[in-house]
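**Student:** Just passing along the structure, written as structure tokens.
None of the figures in this text is laboratory data; all of them are computed from the coordinates on show. Everything numeric here is computed off the predicted structure, so don't read it as measured data. Please note: Cβ atoms are built from the backbone with ideal geometry, for glycine as well, and neighbour counts cover all protein chains shown.
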Amino acid sequence: MSTLAPTPPPIPAEDLTRQYREIAAEIRAALDEVLPTGRYVLGPVVETFEQEWAAYCGSRFCLGIGSGTEALHLALRAAGIGPGDEVIVPSNTYAATAFAVSYTGAVPVFADVDPATYNVTAEAVAGALTPRTRAVIAVHMYGQPVEMDPLVELGQRHGLLVIEDAAHGHGARYRGRRTGSLGEIGCFSFYPTKVLGCCGDGGAITTGREDRFEEIRRLRYMGQRVKHRHEVVGYQQRLDVLQAAILHVKLRHLDTWIARRQSWAALYSELLAGLPVVPPVVAPGNTHVYYMYTVRAERRDTLMEYLAGRGIGTQIIYPTLVPFQPAYRSLGYRAGQFPSAEAACREILCLPIFPELAEEEVRAVADAVRAFYAG
Ligand SMILES: Cc1ncc(COP(=O)(O)O)c(C=O)c1O
């Protein structure tokens, strides 16, 4: 008989099955209500969620879109951005932020970020302005809002459209206001792992401007305002009805889930104190929803391997800056142009964080990090 202690169960970086088990009955009931109706495209279920999401974000209008990427794309298209234009985006974001710009024919111009919050700053955006700049996309990295007031002021001074990419930041607040209500257009992804995620692809835009709302509504459904009259070349990019029904159920739980993420983050920060690991910093006036709990760690790669060896899943969000991706080689960016984002890229590690984690799991992760540095 083996005398070895039993191996502890693995702690995944994320686990969608736990959330499903918690609310399976509610989700099934919602789907059972929709499926017999035969209304599978747009209609009241999508509209209900749109109204709820607009109200939650503190925005006047919301439209359900097929994905977060397409939400960004349609937001830019609605403002007439296209060939010859430039749009400033943070260098450390997900590729989708920049790809949405490229889809329009405009060019993404990458900016460095704040070393403490990992968010793009008005200063970095000001440094990237050219006469061709038409818009800036502020990404609320890891769940913490961008310092928006100076960015919005800069946008007003230079006639720029300020878009929020809130794919990481559902429910986070900046000076009391929720993401999605801070810029002219807010773009959300409901990709399953997000703070609010559906069971497939989904996205939304929020805006206070009726003209933007009308234009995005026309673009998301084949350029139509009236059926069979295609006024412009539009897209087939509507939020799916079943996903809207699921989001309607999940929205009821969102604040509880965010509070759980925040409590795991607080516990991690307490348990990791004194180690060569820098916990996330929350800027004054912000709340952080911890889509990711991102630390900067000494000997990051070795730590990641060590944790993997103990069954602990971690992630690097994101391992390569977008300007250095092969897709943007032709733009000619060079190492050293984004000092803060490049340093973060080498040092960041995202520890497991999702609402359904157990306290023992958070403690086990922190113990393993401590053991790594002790050894
Ligand atoms: C910052 C950011 N922007 C945009 C997207 C694109 O969203 P989606 O995957 O729904 O297209 C994502 C998510 O994947 C993201 O993390």
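**Student:** Using a Förster radius of 41 Å, what is the FRET efficiency between Leu267 and Thr320 based on their Cβ-Cβ separation? Nearest 0.05, please.
**Tutor:** Values: r = 31 Å, r/R0 = 0.75.
E between Leu267 and Thr320, to the nearest 0.05, is 0.85.
**Student:** Alpha carbon centre of the range 76-100 versus the range 278-357: separation in Å?
**Tutor:** Spelled out, the Cα-based centre of one part sits 22 Å from the other.
**Student:** Considering the Cα positions of the chain, please state its Rg to one decimal place and its Dmax as a whole number of Å.
**Tutor:** 21.2, 76
**Student:** Determine the percent antiparallel among the DSSP beta bridges restricted to the range 18-251, to the nearest 5. Can you show the working numbers first?
**Tutor:** Details: 17 of 33 bridges.
Within the range 18-251, antiparallel bridges account for around 50 percent of the total.
**Student:** Where does the chain land at 222 nm, in deg cm²/dmol rounded to the nearest 500, when only DSSP H runs of n ≥ 4 count, each adding -39500 (n - 2.57), divided by all residues? All intermediate terms of the calculation are to be shown ahead of the outcome.
**Tutor:** Numbers: 12 runs with 146 residues, N = 375.
Calculated at 222 nm, the ellipticity per residue is -12000 deg cm²/dmol.
**Student:** Projecting each Cα onto the charge dipole of the range 74-225 (Lys/Arg +1, Asp/Glu -1 at the beta carbon, about the Cα centre), which of Val89, Gln224, Ala166 comes out farthest on the positive side?
**Tutor:** In the range 74-225, that residue is Gln224.
**Student:** In addition: Against the globular-protein guess of 2.2 N^0.38 Å, express the Cα radius of gyration of the range 127-270 as a ratio, rounded to two decimals. Kindly include the intermediate steps, with their values, before the conclusion.
**Tutor:** Details: Rg = 17.3 Å, N = 144, 2.2 N^0.38 = 14.5 Å.
Ratio of Rg to 2.2 N^0.38 Å for the range 127-270: 1.19.
**Student:** Let me ask something else about it. Quick one: P(r) of the range 253-374 from all Cα-Cα pairs, 10 Å bins, percents rounded to integers, in order of increasing distance.
**Tutor:** P(r) over the range 253-374, rounded to whole percents: 12, 39, 31, 15, 3.
**Student:** Right, here's the next one. Given charges of +1 on the Cβ of Lys and Arg and -1 on the Cβ of Asp and Glu, with all other atoms neutral, how large is the dipole of the chain about its Cα centre, in debye to the nearest 20? Can you show the working numbers first?
**Tutor:** Numbers: 36 positive and 40 negative charges, 115 e Å.
For this selection, approximately 560 debye.
**Student:** Let me ask something else. Which helices, taking whole DSSP H runs in the chain, have alpha carbons extending 18 angstrom or more along the helix axis plus mean Kyte-Doolittle at least -1.0?
**Tutor:** On the way: long enough: 16-34 (24 Å, -0.26); 44-57 (19 Å, -0.09); 254-271 (26 Å, -0.20); 359-374 (22 Å, 0.01).
Once both thresholds are applied, what remains is 16-34, 44-57, 254-271, 359-374.
**Student:** Continuing with this model, one more query. Mind telling me which of Leu182, Leu129, Leu196 comes out most flexible in a GNM of the chain, alpha-carbon contacts under 10 Å?
**Tutor:** Among Leu182, Leu129, Leu196, the largest GNM mean-square fluctuation belongs to Leu129.
**Student:** Per 0.36 nm of contour for each residue apart, how much would the distance between Thr256 and Tyr40 grow if the chain were fully extended, relative to their Cα-Cα spacing?
**Tutor:** Details: separation 216, 0.36 × 216 = 77.76 nm, distance 2.98 nm.
This chain segment gains 74.8 nm when fully extended.
**Student:** If you put +1 on each Lys and Arg Cβ and -1 on each Asp and Glu Cβ, how big is the dipole of the range 253-374 around its Cα centre, in Debye rounded to 20? Before the final figure, lay out each step's value.
**Tutor:** Details: 11 positive and 12 negative charges, 90 e Å.
That gives a dipole near 440 debye.
**Student:** Another question about this same structure. What is the range 213-286 by shape, rounded, prolate or oblate, if you read a ≥ b ≥ c off the alpha carbon gyration tensor as root eigenvalues and call it rounded for a/c under 1.5, prolate for a/b larger than b/c, and oblate otherwise? Can you show the working numbers first?
**Tutor:** Working: a/c = 4.37, a/b = 2.67, b/c = 1.64.
Prolate shape, in that a/c is at least 1.5 and a/b is the bigger ratio.
**Student:** Let me ask something else. Connecting C-alpha atoms closer than 10 Å in a GNM of the chain, tell me which of Gly274, Gly58, Gly38 has the biggest fluctuation.
**Tutor:** Gly38
**Student:** Kirkwood hydrodynamic radius of the range 1-124 from all distinct Cα pairs, in Å? Mind showing how you got there, number by number?
**Tutor:** Values: mean 1/r = 0.0524 Å⁻¹.
One decimal place: 19.1 Å for the Kirkwood radius.
**Student:** Taking the dipole about the Cα centre of the range 253-374, with the C-beta of Lys and Arg at +1 and of Asp and Glu at -1, give me whichever of Leu272, Tyr318, Ala297 is farthest to the positive side.
**Tutor:** Tyr318
**Student:** Kirkwood hydrodynamic radius for the range 199-254: how many Å is it when counted over pairs of different Cα atoms? Numbers along the way, then the final one.
**Tutor:** Details: mean 1/r = 0.0789 Å⁻¹.
Every distinct Cα pair counted, the radius reaches 12.7 Å.
**Student:** Averaging sequence separations of C-alpha pairs under 8 Å and six or more residues apart, then dividing by the length of the chain, give the relative contact order as a whole percent.
**Tutor:** Details: 767 pairs, mean separation 80.8, N = 375.
The normalised contact order for the chain reaches 22 percent.
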